[in-house]
Amino acid sequence: MKGGFETMLYLNQQTIESSITMEEMIDAMEEAYRVYADKKYQMPTRMQVQQNSNTMILMPCITDQAIATKLLTSFPENKDKPVIQGLVILNDSQNGEVLAIMDGNFITGFRTGALGGAAVRRLAKPDAERLAVIGAGVQGFYQTLAACAAHSFNEIYITNRTYEKLEPLIDRLHERLPDDIAIYPCHSAEEAIQHADVVITATSSPDPVLPDHQELLKGKLIIGIGSFQPTMREFPRQLYALCDHFFIDSEDAMKESGDVIQAIEANWYVKEDIQQFSDVVQINSFDAEEYWRNHPEGSVIFKSTGMGLFDVIAANVIHEKVMLSEVGTKLE
C-alpha cells in the first residue's frame, strides 16, 4: 500500500459492491492463502468476548501491504437486525494513516462467501452440477453466489430451519444468478443433499445439520462455514468416517470450531491428518480431477472459521479498486 492519501474514505456496501466482483474476491482470498503459507503476516488469535450467546470479536492483522482491524458483534438471536455487524478499519502499512473505514458486515459476508468459492474452485468435481446449501441467512446467500462464480452449477437445493425464509432468499438469488440455474426450496437437509455434488453448511447450529447417514454423504465436497466456536458443530459423526481429505483455512480452526475440536477429542478424525487449504493454493497439493476420478464415492471436507488475514487482504484490494474508480465518501 502506497502512502500519500490524506483523505480517509468511508466505504459502504453499495460502493464496495460496485467496485469488485465475486470472482475478483475469490482471487484475493487465494492470494491471502499464499501470504498465509509464506507466513508474511502478523496476526494474533482473534479476541472473543462473550455475554451469554452474544459475542464481540476483534481481528487485527498486519501484512507488508496493509494493516486492518475488524470489529464485529455476533448476536444470534437478532430478528430485525443482522446477526453479524461491524466495521473494518484499513491503515497504511508505511505510515499508519487510516485510509478507510468500511462496512464490516458486507466485507465479512462477501469475503467469507469467497472462501467457500475458493474451496469449490479447487476441490469440487470438475463435472459437478448440483449444489446444496443448508442455511438461508447472510452466508447462505453469499456462499451460493460465490459457489456459482467459481463453478457452473445447473441446480441449487436450499433448506433452512425456518422454511419461510427460503422464498425471500431464492428471490434474491434469482436476481443475481443466470436464469438457467434452477433453485429449489427443500423441507429437509436429506432432501437438499440427496443428489448434490457440493454441500455448503452455513448455520450457527450447536448440533449437526447434515444427516448422519453415509450413503447420503458419499461422493460430495462438504464445505462448513457456520461453526466458529467450540460449542458449534454442523457435521455429523459419519462424515468423519467417510472423509478422505479434511482441509481447514487456518490453524485457528483447530482452536475455535466444534467441527474440528469435537471430532479430534472424540477420535473421529486424527489431528495429524487435517490439512491446510493454503497448501492446495500454494503448491497444488490436491488434484481434484484425479481424486474424484479415482474416488467417485469419496468425501472431502473444507472447514472455514476465517481470520484477520482474509480481512486485511480483502480490505486492501477493495481500497485499491475504489481508488481507481474514485468513489466512496470522503471523511475530511
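Which whole-number value in Å² is the accessible area per residue of region 37-122, probe 1.4 Å? If you can, show how the numbers build up before the last one.
Details: 4100 Å² over 86 residues.
Ligands and nucleic acids excluded, the figure is 48 Å² per residue.
Our compactness index for region 97-224, the C-alpha radius of gyration over the empirical 2.2 N^0.38 Å, is 1.05.
Using 0.36 nm per residue of separation minus the Cα-Cα distance, give me the extension gain between E23 and T162 in nm, one decimal. Numbers along the way, then the final one.
On the way: separation 139, 0.36 × 139 = 50.04 nm, distance 3.03 nm.
Contour length minus the Cα-Cα distance gives 47.0 nm.
Probe of 1.4 angstrom, ligands and nucleic acids ignored: what's the accessible area per residue over region 263-332, in square angstrom?
Numbers: 3530 Å² over 70 residues.
Accessible surface, normalised per residue, equals 50 Å².
If you keep only loop residues by DSSP, which GluC sites (Glu not before Pro) in region 15-116 have at most 12 other Cβ atoms within 10 Å of their Cβ?
Working: sites: E17, E23, E24, E30, E31, E77, E97; in loops: E77, E97.
Passing sites in region 15-116 are E77.
Residues in region 140-236 average 44 Å² of solvent-accessible surface per residue, probe 1.4 Å, ligands and nucleic acids excluded.
Taking K and R as +1 and D and E as -1, what net charge do the other residues with C-beta under 13 Å from the C-beta of S250 add up to?
Working: positive: K39, R46, K255, K303; negative: D249, E251, D252, E256, D279, D311.
Value of the local net charge: -2.
Scaled against 2.2 N^0.38 Å for its residue count N, the alpha carbon radius of gyration of the chain is 0.96. Computed in the context of the full set of protein chains, the accessible area of the chain at 1.4 Å probe radius has 47% of its extent on carbon or sulfur.
The values are calculated or read from the model by the stated rules, or taken from the named source; none is laboratory data. Only a predicted model underlies this, so the values are computations on that prediction, with no experimental measurement involved. Glycine also receives a Cβ, built like all others from the backbone with ideal geometry; neighbour counts cover every protein chain displayed. Just the protein is used for accessible areas: all its heavy atoms, side chains included, with ligands, DNA and RNA removed. Shrake-Rupley method; radii C 1.70, N 1.55, O 1.52, S 1.80 Å.
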